[in-house]
Amino acid sequence: MTDNVAKSNGTTPAAAPKSGAAAKGAAVVKWADDRLGLATTNKKMIRKVFPDHWTFMLGEIALWSFVVLLLTGVFLTLWFVPSMTEVQYQGSYDQLRGVEMSQAYASTLDISFDVRGGLLLRQMHHWAAMIFIAAMLVHMMRVFVTGAFRKPREVNWLIGGVLILLGVVEGFAGYSLPDDLLSGTGLRIADGLVKSTPVVGTWMSFFMFDGEFPGEAIIPRLYMVHILLVPALILGLIAAHMLLVVYHKHTQWAGPGRTEENVVGYPMMPVYAAKAGGFFFIVFGVTALMGGLLSINPVWKYGPYDPSKVTAGSQPDWYMGIAEGLLRIMPNIESHFWGTTWSWNVFLPGEVAPMVLLGIMMMWPFLEAWVTGDKKEHHILDRPRNAPTRTAFLAAMMSIYGLLWAAGGNDLLATQLSMDMEWITRFMRVAVFVVPVLVFMITKRWCIALQRHDSEKLLHGYETGIIMRSPEGGYSERHLPISNESAYALTARPRDPILEAPAEGAVKEKGARAATIRAKLSTAMFADNIQKPTAEELEEAHHHAEHEHALEAGLDHAADGHQYDGHHDVAGDELRH
């Protein structure tokens, strides 16, 4: 007994004696912990707190759809043959039996018609790719519009942009593997894009296709890119992204008890892990339903690829719509320098413009930080209305994407709507410059109007719907103060800094030109914003409300407005009679 007490008072915690398999297992765990420090690391991780809000699930959808891609992709690799060797198809699909085709296309048909569950897994794989890229885009839009990219998360924002680019490359590579007529048409366009690169385009094309297009090497090369190179890069970046999320701690929405120094939510174990695990099965189940019920990429309808043929109305997957639309509306412009042809009508829309648009989005955090001079860390999210310029910029970029996506289907719009395709193309050429400007202006004014509405609620309360008549015969609507929680959320934002331009005599000083540009951009971005009320303004508004209540206290009924604000039961109320 004395021996046991002495042990419990030492540095080693007391533990019940173990025997047999339990003792051996404990010894193995202790051996690993002594060398790897797993217990300390796991203790920190399982108590890591994550906030709870539905918008945070957008990133999880992207993560779990990528897991579905890996699972279904492993199945498909067991049956797919990445070869362009010509064979004669003798499978179950009668319409193509006896037709010469590549082994890649023949194995894709076998997966679709002869492998048990093959078509389901192939369609699940394709739908998961669609969901993966869509979820990443929507997740990044949420991050952008809420300001979650600000310090210290700029690197994670750049990682997200690279992930989207890799996702598009991965999707295009997988889309091209079946070697059907539609995917071959996409490869033909890719070959044209590569060849449009000034000076070195022809050599780049020969290197990619191992000779003249289409050659016999592109499918095996794309296969290795699709199953090995790009997935490894995506996995590495996802791991880095998740580690940075844990290291920087998660962002959260403003509310009582939530500050820049804490995180209010649920711990990793058991709450968040259970939710995340359940959400994986939801994503998997929805993807399985889509794969089983919604047909996608029916390659058997297109036939094998033939360089001399192009399918009418051929369209790429939706995420390639921006490049397709740019190519279709770009005027025919070429230049000739030193014996070389520069095809601006292909090079600019196919290679330059998409990267410029992506680059502008990626550089926005650094531009905003430079304009504001903000060096602080931010863990509380902005409401979109409280950053009107940023929100309007995103809306403008979305309008550009939507227009180019529609322009990529100008032939289908013309045939389905009985319109002239040339007029659709001319309209799109003008709309991509005019519509984003209009969208930007409308969205910014909309956000400012919402800011003004929030300011009015803070100062004068919410509208109850009760019309009061004064002794003089005047009518006014009864306002009541909003709750403390709502007031906290509306005021949990800093006032926008508007920089002043340097004095005229300081124009020639070092850095004066940059300061002038910063001041102009600051004015353009923040001058029209409705700032949150000051403490003095709130105090004055409260005194005014108290005065109004005192005047109404002498009325012959107790209509304080609460009865009819939609939150209280009014059954049996005297005024109802």
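The values are calculated or read from the model by the stated rules, or taken from the named source; none is laboratory data. Bear in mind that the values here come from a model prediction, so they are computed numbers and not experimental data. We place every Cβ from the backbone using ideal geometry, glycine too, and count neighbours over all the protein chains shown. For accessibility, only protein heavy atoms count, side chains too; no ligands or nucleic acids. Shrake-Rupley method; radii C 1.70, N 1.55, O 1.52, S 1.80 Å.
Ellipsoid fit via the Cα gyration tensor, segment 412-481: semi-axes of 50, 16, 10 Å, each the root of five times an eigenvalue, largest first. Kindly write out, for segment 110-118 in residue order, the coupling ³J(HN,Hα) from the Karplus curve 6.51 cos²θ - 1.76 cosθ + 1.60 (θ = phi - 60°), rounded to whole Hz, with x marking Gly and Pro. Here the 3J(HN,Hα) series is 4, 4, 6, 10, 10, 8, 4, x, x Hz. Taking 16 Å as the cut-off, the amide N atoms of segment 192-221 that come nearer than this to a point 7 Å along the Cα-to-beta-carbon line of Phe337 belong to 196-202. Stretched out straight at 0.36 nm per residue, the stretch from Glu261 to Val138 would grow longer than its current Cα-Cα span by 41.5 nm. The share of accessible area on the chain that comes from carbon and sulfur is 65 percent, using a 1.4 angstrom probe. Structure note, pairs Lys195/Lys520; Lys249/Lys520; Lys376/Lys532; Lys48/Lys520; Lys275/Lys457; Lys30/Lys376: Cα-Cα distances above 31 angstrom occur for Lys195/Lys520; Lys249/Lys520; Lys48/Lys520; Lys275/Lys457; Lys30/Lys376. Given +1 at the Cβ of Lys and Arg, -1 at the Cβ of Asp and Glu and no other charges, the dipole of segment 51-115 around its Cα centre is 40 debye to the nearest 20.
Kirkwood hydrodynamic radius of segment 61-181, from the reciprocal of the average inverse Cα-Cα distance over all distinct pairs: 16.2 Å.
Across every direction, the projection of the convex hull enclosing the Cα atoms of the chain has a mean area of 47.5 nm². Estimated from the Cβ-Cβ distance and a Förster radius of 30 angstrom, the FRET efficiency linking Trp203 and Ala519 is about 0.05. Gyration tensor over the Cα atoms of segment 126-266: the corresponding equivalent ellipsoid has semi-axes (square roots of 5 times the eigenvalues, largest first) of 40, 15, 13 Å. Residues in segment 331-343 carry Karplus couplings, in order, of x, 6, 10, 9, 9, 10, 10, 6, x, 10, 9, 10, 8 Hz; the curve used is 6.51 cos²θ - 1.76 cosθ + 1.60 with θ = phi - 60°, and Gly or Pro positions show x. Placing dummy labels 7 Å off each Cα toward the beta-carbon, the span from Trp370 to Leu235 is 3.8 nm.
For segment 379-518, the convex hull drawn through the C-alpha positions has a volume of 284 cubic angstrom per residue. Each residue, Gln315 and Val169, gets one label point 7 Å from its Cα in the Cβ direction; the gap between the two is 2.7 nm.
Available extension along the chain between Ala527 and Ser455 is 24.3 nm, counting 0.36 nm per residue and deducting the alpha carbon span. Sorting the segments 445-452, 173-180 by their residues' average number of neighbouring beta-carbon atoms within 10 angstrom, most packed first, yields 173-180, 445-452. From helices alone, the chain scores -19000 deg cm²/dmol at 222 nm; the rule is -39500 (n - 2.57) for each run of n ≥ 4 DSSP H residues, then divide by the residue total.
The alpha-carbon positions of segment 259-370 define a convex hull whose volume is 248 Å³ per residue. Per-residue Karplus couplings for segment 360-372, computed as 6.51 cos²θ - 1.76 cosθ + 1.60 with θ equal to phi - 60°, are listed in order as 4, 5, 5, 8, 4, x, 6, 5, 5, 5, 5, 5, 7 Hz, Gly and Pro entered as x.
For segment 48-68, backbone nitrogen atoms closer than 13 Å to the point 7 Å from Ile282 Cα along Cα-to-C-beta are found at 53-62, 64. For segment 168-222, the normalised intensity computed at q = 0.14, 0.16, 0.23, 0.32 Å⁻¹ comes to -0.33, -0.44, -0.89, -1.35 (log10 of I(q)/I(0), Debye sum over alpha carbons, equal scatterers, no solvent).
Mean sequence separation of contacting Cα pairs (under 8 Å, at least six apart), scaled by the length of segment 398-500, corresponds to a relative contact order of 18 percent.
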